[in-house]
Amino acid sequence: LQAMMFSSTVLFLLSVSLGGAFAEPLVDIGTAGNYVMLTKAGISTVPYSAITGDIGVSPIASGAMTGFSFTLHISGVYSTSTQVTGRAFAADYVAPTPAQLTSGVSNMQVAYQDAAARLSPDPARRNVNGGVLGGAYGGALNQFTPGVYKFDNPVSISADIYFRGSGECRGEGDLDVFIFQIFGTLALTANTRVHLQNGALAKNIIWQVSGAVGLAADSHMEGIILGKTAVDMITLSSINGRIFAQTAVTLGKATVTEPADVVFPCCD
């Protein structure tokens with residue numbers, strides 16, 4: 001058994017050090033990218049959360065966004081809240097909001113299907129350490145490199161993990177894509193952080209999760225969550241990225257920040 005575990009670790013380390021054989025295409029989120037958080041069944045917050053970017057719910061109505069103390073704009077197109085640096089949209093607001101939300105929800109579902117269908121040809125990127133990540137599996141000395149990682153089981157990030165890009169020049173890290181296909185739940189444990197290194201960008205990290213997603217207290221996530229069900233952010237957890245949930249999102253004094261649109265310099 002020890003020999004098998006050692007062999008598995010060596011294979012993983014070799015795989016991530018070499019990276020993928022070719023670049024994985026970006027996952028197109030379409031008009032869903034107009035929102036930092038978009039859900040079909042609601043968003044609730046325990047004040048005070050801090051959200052940077054627009055949020056939306058559809059097909060459910062505005063009553064499914066709770067804890068925000070919204071003020072409806074005179075146009076009826078959107079609402080504002082002291083917890084949102086941006087605007088809030090719902091399916092029962094005035095046109096063109098309903099059509100725009102319908103487009104965004106459709107695009108987030110297409111993106112989920114796209115990410116789920118990507119091939120993971122490298123055996124070392126499948127069911128890495130049985131889904132328990134951190135340390136020898138994604139830690140500071142064994143960072144994740146671009147590619148598709150597939151898990152047929154729940155994933156628990158029990159210690160800090162790192163995503164390492166291919167560089168900070170145009171055409172390097174800005175094109176690196178990391179896709180985690182998780183056919184189960186995803187849990188980021190308390191006080192655990194996801195880090196970006198050497199040009200890796202949050203906007204190019206995709207967490208495609210068929211089960212519930214939970215970010216525990218004081219944890220920090222990077223990337224775009226494409227969730228088939230619910231996303232729960234516990235007290236003081238944070239994410240630099242986007243949350244697209246096909247059910248609901250619950251925030252407990254959480255911080256959600258839209259990823260920066262980074263432009264790398266030419267290094268020729």
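If you add up the charges near ALA61, with Lys and Arg at +1 and Asp and Glu at -1, over every other residue whose beta carbon is less than 13 angstrom from its beta carbon, what do you get? Walk me through the numbers on the way to the answer.
Values: positive: LYS40; negative: ASP92.
With Lys, Arg at +1 and Asp, Glu at -1, the net is 0.
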May I ask for the angle, rounded to the nearest 10°, between helix 2-18 and the longest principal axis of the chain, with both axes built from Cα atoms and the value confined to 0 to 90°? 70
So, with a 1.4 angstrom probe, what is the percent of accessible area on segment 80-207 that is carbon and sulfur? 54
Summed residue charge, Cβ within 11 Å of LEU38's Cβ, Lys/Arg positive, Asp/Glu negative: +1
Write down Rg/Rh for segment 115-268, rounded to two decimals, with Rg from the C-alpha atoms and Rh from the Kirkwood relation over Cα pairs. 0.95
Roughly speaking, what is the stretch gain from ALA260 to THR52, that is 0.36 nm per residue apart minus the C-alpha to C-alpha distance, in nm to one decimal? 73.8 nm
Note the angle between two axes, namely the Cα long axis of helix 97-117 and the longest principal axis of the Cα atoms of the chain, as a number of degrees from 0 to 90, rounded to the nearest 10. 10
Measure off 7 Å from each Cα along the Cα-to-Cβ vector at ASP92 and THR31, then give the distance between these two points in nanometres to one decimal. 2.2
Cross-link partners among lysines for LYS150, C-alpha distance below 23 Å, same-chain residues fewer than 8 apart left out? LYS203, LYS228
Largest-first principal axis extents of the Cα set of segment 135-192 (Å): 34, 23, 17
Using the heavy atoms of the protein chains and a 1.4 angstrom probe, tell me the accessible area per residue for the chain in square angstrom. 43
What is the packing order of peptides 136-142, 219-225, 260-266, 166-172, taking the mean over residues of other C-beta atoms within 10 Å and listing the highest first? 219-225, 136-142, 166-172, 260-266
According to the square roots a ≥ b ≥ c of the eigenvalues of the Cα gyration tensor, what is the shape class of segment 167-237, taking rounded for a/c under 1.5, prolate for a/b larger than b/c otherwise, and oblate for the remainder? oblate
Suppose only helical runs count, i.e. DSSP H with n ≥ 4. What mean residue ellipticity at 222 nm does that imply for the chain under -39500 (n - 2.57) per run, divided by all residues and rounded to the nearest 500 deg cm²/dmol? -5000 deg cm²/dmol
What does DSSP give for the chain in terms of the percent of beta bridges that are antiparallel, rounded to the nearest 5? 5
Compare LYS203, LYS228 by solvent-accessible area with a 1.4 Å probe and give them largest first, with all protein chains kept in place. LYS228, LYS203
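The values are calculated or read from the model by the stated rules, or taken from the named source; none is laboratory data. Quantities reported herein were computed from a predicted structural model and do not represent experimental measurements. Cβ atoms come from the backbone with ideal geometry, glycine included; neighbour counts cover every protein chain shown. Heads up: the accessible areas ignore ligands, DNA and RNA and are worked out on the full protein's heavy atoms, side chains in. Shrake-Rupley method; radii C 1.70, N 1.55, O 1.52, S 1.80 Å.
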